[in-house]
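Step one of this worksheet: look at the structure below.
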Amino acid sequence: KNQVEQSPQSLIILEGKNCTLQCNYTVSPFSNLRWYKQDTGRGPVSLTIMTFSENTKSNGRYTATLDADTKQSSLHITASQLSDSASYICVVSEHIPTFGRGTSLIVHP
Amino acid sequence: NAGVTQTPKFRILKIGQSMTLQCTQDMNHNYMYWYRQDPGMGLKLIYYSVGAGITDKGEVPNGYNVSRSTTEDFPLRLELAAPSQTSVYFCASGLGGDGYTFGSGTRLTVV
């Protein structure tokens, strides 16, 4: 069964600090990996998307990495802001996406 | 562009009632999806469609039905509402290989 496991389940950091979220997957075949940000009560919004051949992709303060050999991805957030408080979801797919449970990030002032 | 529009945003149903969650997109996307998200859980795929006239079951299809008569619309039907269907429902659309666009969700409570 295709699975996407994310860690940690939740994370609390101080404003201005960096953090890294992890995603391990068993989805095969693999087409692409996406990271989404989901604010409370809202639908997910795409942050990055990487294909099999890409190993890093940046979007402002968000940098995603992908190791297709070990089936691992990470999302690094630099200089966190209060508005970064959200759930971050890793999604791995062929044409049907498999969602991780997400990491709940809380940024404290 | 409006993107993906879901209606209603909130709904309370009694056990055994039926309703249709509406989803429409104006981006000419072939792929459309319905997900449910329970508290603290990831999104689970209910049904999806790869184009008008084609629908397929996802991970948790029981208790739901869909139709895709046009590219734009992908309604989700609950025939006999049960408390286990209390959840937040998200509709999404995409081109298959690129990112997906999500609607803002429908919060459904079955009492």
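The values are calculated or read from the model by the stated rules, or taken from the named source; none is laboratory data. Predicted model, so just to flag it, every value in this text is computed and none were measured. We place every Cβ from the backbone using ideal geometry, glycine too, and count neighbours over all the protein chains shown. Quick note on the areas: whole protein, heavy atoms, side chains included, nothing else; ligands and nucleic acids left out. Shrake-Rupley method; radii C 1.70, N 1.55, O 1.52, S 1.80 Å.
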Proximal lysines relative to B:LYS57, as straight alpha-carbon distance under 22 Å, when same-chain residues fewer than 8 apart are discounted: A:LYS1, B:LYS44
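What does the net charge come to around B:THR5 if you take all other residues with beta carbon closer than 15 Å to its beta carbon, with K and R at +1 and D and E at -1?
On the way: positive: A:ARG42, B:LYS9; negative: B:ASP26, B:GLU72, B:ASP73.
Its environment carries a net charge of -1.
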Give the Rg (one decimal place) followed by the Dmax (whole number) of chain A, computed from C-alpha coordinates and expressed in Å. 13.1, 42
With every protein chain present, what accessible area does A:ASP84 have (1.4 Å probe, heavy atoms only), rounded to the nearest 10 Å²? 0 Å²
For B:SER104, which sequence-distant residues (separation of 5 or more, or a different chain) have an amide H within less than 5 Å of its own amide H, given hydrogens modelled in the peptide plane? B:GLN6
What GluC sites (Glu not before Pro) in region A:1-99 are in a loop by DSSP, with at most 16 other Cβ atoms within 10 Å of the Cβ? A:GLU15, A:GLU54, A:GLU94
Leaving ligands and nucleic acids out of the surface, order B:ARG68, A:ARG61 by accessible area at 1.4 Å, largest first. A:ARG61, B:ARG68
Looking at B:TYR35, B:SER69, B:LEU95, which one has the Cα that reaches farthest to the positive end of the dipole of chain B (charges on Cβ: Lys, Arg +1; Asp, Glu -1)? B:TYR35
Output needed: percent of Cα pairs per 10 Å distance bin for the protein assembly as shown, bins running from 0 to the one holding the longest distance. 8, 34, 35, 19, 4, 0
Using a 1.4 Å probe on the protein heavy atoms only, what accessible surface does A:ILE77 show? Give it in Å² to the nearest 10. 0 Å²
Equivalent ellipsoid dimensions for chain B as semi-axes, Å, which come from the Cα gyration tensor, largest first: 22, 14, 13
Interface size B-A, as summed buried accessible area [1.4 Å probe, Å², nearest 100]: 1500 Å²
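Do any GluC sites (Glu not before Pro) in region B:29-111 lie in a loop, going by DSSP, with at most 13 other beta-carbon atoms within 10 Å of their beta carbon, and if so which?
Values: sites: B:GLU59, B:GLU72, B:GLU79; in loops: B:GLU59, B:GLU72, B:GLU79.
Answer in residue order: B:GLU79.
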